[in-house]
Amino acid sequence: MSAPEKAQNGRPYERPEKPVRPRDAASLLIYRQRKGLTEVLMGRRASRHRFMPNIFVFPGGRVDAADRGAEIAADLAGPVARKLHNKWSPGMSRALAVAAVRETFEETGLVIGELHRDGVRPNLAALDYVARAITPPDSPMRFHARFFAIDVQQTSGRVRDSEELQNLQWFSLNDALAMDLVDVTEFVLGEFKRRREGWRPPGVPLFSYRNGRPVIKYEA
């Protein structure tokens, strides 16, 4: 991820002597169909963030301990669950999806599930699993991110900016791909665009790095 390699002050981060263990994270690509175009919701990360400040991204963040035991309104659909279970336990798979829904509510105001006084009871049934990515080994902050997708018609609420994600906007896929994005975001958008155009991937793509260069492989 080239863009996150600079701190908020614009100077490069100090690279760690040993690779940092990636933190589990999840993001959600929210899309809609409008006037014949597929549009995606993206926002600019706040300037105070150490990781990717001022960069347009999808809503998302780290998996919290509470995500593992969260009460849900509906579980993952069978095909999606099977993709995740190829790599992680049912509990971890569910926690990743819950984190994507929770972070989306916190950052955009959109509800996927049932809204309660203490937050959202996630409905995971309409989520699709698109891709995963791991930050480079020489990065001082590393994440193992899983990317989900959902049609905005499966959500409720009104989009609003937050302290975490600002300037939330709908972009056509072509306009989004033309922006200055980190390579992982660009890759996920490209994968999603190809799917919308009818392409069927041979598996779930993993975007990672080897010897400083991006590597993409598809996992069954």
All but one of (1) under 21 Å from Arg45 (Cβ atoms); (2) surrounded by fewer than 17 Cβ atoms within 10 Å (Cβ to Cβ); (3) touching a strand residue (DSSP E or B) at 6+ places or on another chain (Cβ under 8 Å) hold for Glu186; which doesn't?
-> (3)
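Restricting to region 90-139, name every residue that is among the hydroxyl-bearing types (Ser, Thr, Tyr) and in contact (Cβ under 8 Å) with a residue 60 or more places away in the chain. Step through it out loud before you land on a result.
First pass over region 90-139, keeping only residues among the hydroxyl-bearing types (Ser, Thr, Tyr): 93, 104, 108, 129, 135, 139.
Passing the criteria: Thr104, Thr108, Tyr129, Thr135, Ser139.
For region 105-121, name all the residues that are within 16 Å of Glu71 (Cα to Cα) and in contact with a strand residue (DSSP E or B) (Cβ under 8 Å, 6 or more places away or on another chain).
Phe105, Val111, Ile112, Gly113, Glu114, Leu115, Val120, Arg121, listed by residue number.
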Enumeration of residues in region 179-220 that are touching a residue at least 60 places away in the same chain (Cβ under 8 Å), farther than 21 Å from His85 by Cα and either in a strand (DSSP E or B) or β-branched (Val, Ile, Thr) (or both) = Val182, Val184, Thr185, Tyr209
Test for Trp170: is it of a type outside the set (Gly, Ala, Ser), assigned to a strand (DSSP E or B) and either without any contact (Cβ under 8 Å) to a residue 60 or more places away in the chain or surrounded by 14 or more Cβ atoms within 10 Å (Cβ to Cβ) (or both) | yes
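Filter region 144-166 for residues that are assigned to a strand (DSSP E or B) and in contact with a Phe, Trp or Tyr (Cβ under 8 Å, 6 or more places away or on another chain) and give the result.
Narrowing region 144-166 to residues assigned to a strand (DSSP E or B): 144-151, 156, 165-166.
Scanning region 144-166 gives Arg146, Phe147, Phe148, Ala149, Ile150, Asp151.
Being exposed (fewer than 15 other Cβ atoms within 10 Å of the Cβ), in contact with a strand residue (DSSP E or B) (Cβ under 7 Å, 6 or more places away or on another chain) and among the charged types (D, E, K, R) is true for just one of Arg62, Arg158, Arg102. Which residue is that? Walk me through it before giving the result.
Values: Arg158 fails: in contact with a strand residue (DSSP E or B) (Cβ under 7 Å, 6 or more places away or on another chain); Arg102 fails: exposed (fewer than 15 other Cβ atoms within 10 Å of the Cβ).
Result of the check over Arg62, Arg158, Arg102: Arg62.
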For Asp175, are the conditions met, namely being without any contact (Cβ under 8 Å) to a residue 60 or more places away in the chain, surrounded by fewer than 17 Cβ atoms within 10 Å (Cβ to Cβ), more than 22 Å from Gly43 (Cα to Cα) and not hydrophobic (A, V, I, L, M, F, W, C)?
-> no
Answer yes if at least one residue in region 118-138 is touching a Ser or Thr at 6+ places or on another chain (Cβ under 7 Å) and farther than 21 Å from Lys217 by Cβ, and no otherwise.
-> no
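Would you say Ala73 is within 21 Å of Arg117 (Cα to Cα) and either free of Cβ contacts under 8 Å to residues at least 40 places away in the same chain or touching an Asp or Glu at 6+ places or on another chain (Cβ under 6 Å) (or both)? So that I can check it myself, show each step before the final result.
Details: within 21 Å of Arg117 (Cα to Cα): yes; either free of Cβ contacts under 8 Å to residues at least 40 places away in the same chain or touching an Asp or Glu at 6+ places or on another chain (Cβ under 6 Å) (or both): yes.
In short, yes.
A short reminder: the numbers here are calculations on the coordinates, not readings from a lab. Just so it is clear, the model here is predicted, and its values are computed rather than measured. Reconstructed Cβ throughout: ideal geometry from the backbone, glycine too, with neighbour counts over all protein chains shown.
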